[in-house]
Amino acid sequence: HVMPWLYQPLFPAVLSTYRNYFWDELMEYVNVHERHLLNVCISGDTENGTRGRLFETIVIRRCQGTGVTAQVGGDQVTIAPKAAVRFPGRLLPELKENSPDGVYVPLAPNFPAIDLVWKQGHIVVGVHVHVREHHDVKSTFIGLCDEAHWLTNFDKVYLLYLSPENEVTELVRTHVNPPRFEP
């Protein structure tokens with residue numbers, strides 16, 4: 001007979017470890033099986049947490065695989081395809097204009113306010129990927145940016161919301177106007 005209090009949940013510590021250890025394999029799997037993963041996301045049986053994690057991973061893989069060009073505010077941001085830089089902890093990395101351009105991804109699951117960062121020259125974009133409404137992401141992101149000195153190290157700092165669902169996009173539009181800020 002085993003005492004139930006001897007067991008502790010493995011999530012999120014195991015998820016973080018596996019995502020780091022198997023990062024390249026995970027990205028290759030997403031690349032090969034993206035269509036199947038999108039079908040899982042469409043299923044009514046899939047919980048929003050799972051749907052969000054899959055959508056986030058697909059976005060990261062696309063940024064790495066084909067790069068991304070997006071109109072963010074008044075700027076066109078182009079991230080060339082390359083491996084993502086993974087950063088540890090619960091704080092944003094202290095990037096500067098001369099830091100390498102590209103995609104930065106937190107190692108920690110459920111990182112506050114953002115899911116990845118796009119950096120191009122004097123512009124940095126915190127990207128929040130989600131499938132449901134999130135409250136107070138903007139003020140949390142501003143605090144993280146201030147702590148990482150982004151508000152003084154960059155000409156422009158944006159917060160970009162990505163969602164596969166129109167209803168969520170409309171909720172963000174009504175709660176955050178405008179969905180970007182500049183120092």
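Worth pointing out:
- Residue check, ILE123 open to solvent by less than 30 Å² (accessible area, probe 1.4 Å) and more than 29 Å from TYR18 (Cβ to Cβ): yes
- Residue pairs meeting the criteria (Cβ under 7 Å; at least 6 apart or on separate chains; first more than 18 Å from THR66 (Cα to Cα), in region 91-118; second assigned to a loop (DSSP other than H, G, I, E, B) and of a type in the set (Phe, Trp, Tyr)): GLU97/PHE154
Residues checked against (1) open to solvent by less than 40 Å² (accessible area, probe 1.4 Å); (2) within 20 Å of CYS145 (Cβ to Cβ); (3) not in a loop (DSSP other than H, G, I, E, B):
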{"site": "VAL32", "(1), (2), (3)": "no, no, yes"}
{"site": "ASP45", "(1), (2), (3)": "no, no, no"}
{"site": "ALA70", "(1), (2), (3)": "yes, yes, yes"}
{"site": "LEU95", "(1), (2), (3)": "yes, yes, no"}
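- Any pair with Cβ under 6 angstrom, 6 or more apart, that starts in region 49-67 at a residue that is under 11 Å from ALA80 (Cα atoms) and ends at one that is open to solvent by less than 40 Å² (accessible area, probe 1.4 Å) and part of a loop (DSSP other than H, G, I, E, B): GLN64/ALA84
- Residue check for ARG53: more than 22 Å from PHE141 (Cβ to Cβ), open to solvent by less than 70 Å² (accessible area, probe 1.4 Å) and of a type in the set (Lys, Arg): no
- Residues located in region 72-85, provided they are open to solvent by 20 Å² or more (accessible area, probe 1.4 Å) and assigned to a strand (DSSP E or B): ASP75, GLN76, THR78, VAL85
- Scan region 81-120 for residues that are among the acidic types (Asp, Glu) and either in contact with a helix residue (DSSP H, G or I) (Cβ under 6 Å, 6 or more places away or on another chain) or under 14 Å from ASN20 (Cα atoms) (or both) and the total you get is 1.
- Flag for LEU144 being at pLDDT 90 or above, under 24 Å from THR50 (Cα atoms) and of a type outside the set (Gly, Ala, Ser): no
- So GLU182, is it in a loop (DSSP other than H, G, I, E, B), out of contact with any helix residue (DSSP H, G or I) (no Cβ under 6 Å at 6 or more places or on another chain), modelled with pLDDT under 95 and open to solvent by 30 Å² or more (accessible area, probe 1.4 Å): yes
- Selected residue (only one of VAL117, VAL129 is under 12 Å from the mean Cα position of the chain (by Cα), modelled with pLDDT of 90 or more and not acidic (Asp, Glu)): VAL117
- None of ALA84, ALA70, ALA13 is under 17 Å from ALA108 (Cα atoms) and modelled with pLDDT of 85 or more except ALA84.
- Listed by first and then second residue, the pairs linking a residue in region 138-154 that is part of a helix (DSSP H, G or I) to a residue that is polar (S, T, N, Q), with Cβ atoms under 9 Å apart and 6 or more places separating them unless they lie on different chains, are ASP146/THR152; ASN153/SER99.
The values are calculated or read from the model by the stated rules, or taken from the named source; none is laboratory data. None of the values given here were measured: they were computed from a predicted structure. Using ideal geometry, Cβ is built from the backbone for each residue, glycine included, and neighbour counts are taken over all protein chains shown. Ligands, DNA and RNA are excluded from the accessible area calculation, which covers all protein heavy atoms including side chains. Shrake-Rupley method; radii C 1.70, N 1.55, O 1.52, S 1.80 Å.
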